[in-house]
Every structure is written in C-alpha cells, then in structure tokens.
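First comes the structure, then the notes that go with it.
The values are calculated or read from the model by the stated rules, or taken from the named source; none is laboratory data. Keep in mind that this is a model prediction, so the values were computed, not measured. Note: accessible area is taken over every heavy atom of the protein model, side chains too, but ligands, DNA and RNA are not part of it. Shrake-Rupley method; radii C 1.70, N 1.55, O 1.52, S 1.80 Å.
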Amino acid sequence: VVVKMIPDNRLPPRHLHAVHTGKTFAVIKWESPYDSPDQDMLYAVAVKDLVRKTDKIYKVKSRNSTVEYTIKKLEPGGKYHVIVQLGNMSKESSMKINTVPLSAPDALKIITENDHILLFWKSLALKESNFNESRGYEIHMFDSLMNITAYLGNTTENFFKVSNLKIGHNYSFSVQARCLYGGQMCGEPATLLYDELGTGTDSSASKASPGTDVAAIVVPVLFLLLLTLGIGFVLLYMRHRRLQNSFTAFANSHYSSRLGSAIFSSGDDLGDEDDEAPMITGFSDDVPMVIA
C-alpha cells in the first residue's frame with residue numbers, strides 16, 4: 001500500500017531537531033510538511049534570544065523533503081527558542097537550544113602568602129577566540145564547613161587575592177568567564193580545592209604551603225645523606241691508600257734483585273729457614289757469655 005500525503009501548506013514542518021550545537025552556531029534539521037514537494041518551499045526560521053530578549057528571522061528556500069540549516073552568530077552559553085514554519089505563516093514547529101559555554105580557564109593554582117592566598121590561571125583568550133579579556137572573570141568560594149557559597153568578585157587580570165580565610169575551614173575556589181545579562185551566560189568553571197589550613201587560634205593567618213613544609217624537611221635530610229656518603233667515600237679511599245702503601249713497602253722489603261721479583265714466605269717455610277742457618281757449636285773462651 002502506497003500512501004501519498006495531500007499537499008497542504010497549512011501543515012507545520014515535521015521532526016524539527018538539533019543535529020549539532022557549538023559555541024556560536026547550531027545545526028538544525030526538519031522535514032517538509034508533506035512528502036516530495038513538487039516546488040520550492042519557503043521557510044521562516046525565527047530565533048529568539050531568551051537572554052537578550054531579541055529576535056532574528058531567516059528565510060530558507062528548499063524543494064528537498066529534508067532540510068538542514070545552520071544558525072550562526074550565536075553566543076556561547078546562550079539560550080534560544082527556534083521556530084520553523086512555512087512563509088505563509090502556517091502552523092509552526094519549535095524547540096529550545098542551549099549553545100556550548102566557554103571553556104574553563106586552565107592551570108588554576110594557589111600560592112599561599114603570610115595572611116592571604118593568590119589564585120592564578122592562564123588567560124582564557126589563549127584557547128577561546130570568542131573571549132575578550134575585557135569581559136573578565138568572576139570568582140566564587142565554597143566553604144564546606146559552613147556549607148555556603150560566596151561570590152568574591154570579578155577581575156580582568158589572571159590572578160585574584162583572597163584574604164580573611166578562617167583556620168580549620170576547607171574551601172573550594174572556582175574561576176570562570178564572567179556571566180552576562182543577569183548571570184545567564186557564564187563560562188565553565190575551573191575548580192580547585194584548598195584544604196591546607198591549620199587549626200590555630202588566629203583566624204586571619206593561614207598555615208604555610210605544604211610544598212614549603214615538605215621542602216624544609218627533605219632538603220636538609222638529602223644534604224645530610226650526601227654529606228655522609230661523601231665522608232664515607234673519603235674514609236674508604238684513605239684506607240685503600242694506606243693498605244696499598246703498606247703492601248708496597250712490604251713487597252719492596254722482600255724484593256730480590258737477583259730473581260727480579262718479590263719473595264714471600266709462608267708459615268710452613270719458617271722451619272726450613274732455621275734448618276739452613278749455620279749451627280752454633282760452641283763459644284769462644286775469650287767471648288764472655290751474657291745471660292739476661
């Protein structure tokens with residue numbers, strides 16, 4: 001059975017949906033109100049910016065049963081309402097689109113000072129062509145002990161100073177592209193946990209950075225180990241030199257110029273040497289005998 005729809009220009013476009021959504025564009029697709037149009041059909045694509053409260057209308061002409069269209073010049077993190085209908089203002093099809101927000105800043109890190117900390121991050125303009133440094137960044141802080149989130153402020157620099165941190169509290173800091181139009185167009189946040197505060201009585205001072213504490217312990221230990229190893233090598237070298245000198249002197253004292261080599265005697269040869277020595281047969285009468 002083959003069923004063909006009766007052409008009716010009062011019907012709405014069918015199966016309107018988003019194919020792909022980026023930071024500044026969205027690809028949408030729909031089907032004609034009826035199958036196999038026999039003439040060009042004019043569509044009106046209305047894009048309503050739900051944040052800025054502005055409207056734009058685009059005209060699309062096509063004879064295809066399936067129509068694909070790219071909406072450009074959108075804003076990152078924006079919210080839009082898209083309406084598609086025939087140019088004669090027939091019934092409409094609609095949907096909502098949220099564009100991809102700006103990325104989070106890279107390399108967020110904390111440097112601890114005496115009575116405050118400094119947040120540092122890379123410029124978002126290095127990887128986001130749609131970001132202007134004049135827009136700036138906003139910083140938030142979450143106190144897990146108090147379970148509260150605080151807005152610390154915004155800056156156009158790549159660092160931010162945070163003071164008056166309380167001892168014993170754990171904090172999470174987030175940095176993102178500054179929100180626009182009532183906080184509805186924001187960038188993705190970069191979040192960093194800061195839980196290295198001590199438990200003293202002074203609420204305005206924070207403990208030193210853990211990296212500094214570890215270095216203060218590791219460096220002297222490594223120095224002592226290297227010094228000990230150096231002294232050990234010197235003592236071994238001196239002992240080796242003494243043994244070498246003693247052996248050289250001993251060898252020289254037993255050197256035979258006739259044989260051209262040194263002669264060493266074992267304990268078993270001592271008796272033989274005594275046998276070869278001339279025997280004492282008597283004493284002369286004119287040599288006095290001394291008995292000790």
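Restricting to Cα pairs below 8 Å that are 6+ residues apart, what does the relative contact order work out to for segment 14-98? Please round to a whole percent.
Once divided by the residue count of segment 14-98, the mean separation gives 34 percent.
Measuring from the lowest to the highest alpha carbon on each principal axis, how far does segment 58-185 reach, largest first, in angstroms?
On the principal axes, segment 58-185 reaches 71, 32, 21 Å in Cα extent.
Where does segment 14-98 land on Rg/Rh, using Cα atoms and the Kirkwood Rh?
My calculation puts Rg/Rh at 0.97.
Checking the cross-link filter: which lysines have an alpha carbon closer than 29 Å to that of Lys166, excluding same-chain neighbours under 8 positions apart?
Lys109, Lys122, Lys207
In square angstrom, rounded to the nearest 10, how much accessible surface does Asp38 have for a 1.4 Å probe?
110 Å²
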